[in-house]
Amino acid sequence: MKKVLITFVLLTVLIIGAGYGYRFLAEKYENPAGSQSGEPTDVTEISKDTVKNPAPDFTMTDIDGNELTLSSLYGKPIVLNFWATWCGYCILEMADFQKVYDRYGDEFQFVMVNLTDNAREKVSTSAAFIAEKGFTFPIYFDVYKQALEAYEAYSIPRTYIIDENGSIVESRIGALDEKTLLSLMGY
């Protein structure tokens, strides 16, 4: 009985102490020095529209070997996806990307970037795979490894939604189904 009473008293003191500690810290950090009343004091209070995360630019090639940059596609929202033929999850999501491309390809730029390393992933084999499967979304090749480095796309598939001004608004790692992709695109 004595142990129970001591445990109860200690827990009560701990709870009361935590309450006072919380109140003290809340008052201390509620209005930091230099902050005016009504101004946000934490990044989480700033609206999503006021914080921009610029999309890193990179050079890629199309199926014919022509170079283009990601920034040359700004003006329309972009679905940027990193993939490879050896990636099972990448292959799994491609049919859903095709469905969404068929419906919204006029409203969004689809930039399906193959992480071409010229060892296990080559332009010729990737292009043949796309043709064999009948995918019609645009594919591009990261032959200079600029996209890989700029986006640290070491884990794929990886998808970004970039607004028409070149700011990243959403990103996900892993295979996406049609519903999730549409949600990221705002549908």
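Looking at this model, which pairs from Lys76/Lys179; Lys99/Lys133; Lys122/Lys179; Lys76/Lys99; Lys52/Lys122 are more than 24 angstrom apart at the alpha-carbon? Don't jump to the answer; show the numbers that get you there.
Numbers: Lys76/Lys179 21 Å; Lys99/Lys133 13 Å; Lys122/Lys179 31 Å; Lys76/Lys99 19 Å; Lys52/Lys122 35 Å.
Checking Cα-Cα distances, Lys122/Lys179; Lys52/Lys122 exceed 24 Å.
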List Arg120, Arg103 from most exposed to least, where exposure is judged by having the fewest other Cβ atoms within 10 Å. Arg120, Arg103
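Indicate the gyration tensor shape class of the range 116-187 (rounded, prolate or oblate), computed on the Cα atoms with a ≥ b ≥ c the square roots of the eigenvalues: a/c under 1.5 is rounded; otherwise a/b larger than b/c is prolate and the rest oblate. Numbers along the way, then the final one.
Values: a/c = 2.01, a/b = 1.37, b/c = 1.48.
Oblate, since a/c reaches 1.5 and b/c is not below a/b.
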Answer rounded, prolate or oblate for the range 61-142, using the Cα gyration tensor with square roots of eigenvalues a ≥ b ≥ c: rounded when a/c is under 1.5, else prolate when a/b is larger than b/c, else oblate. oblate
Label points 7 Å out from Cα along the Cβ direction at Trp86 and Lys122: separation in nm? 1.4
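Just so you know, all these numbers are worked out from the coordinates, no wet-lab data involved. Everything quoted here is computed from the prediction, not taken from an experiment. Using ideal geometry, Cβ is built from the backbone for each residue, glycine included, and neighbour counts are taken over all protein chains shown.
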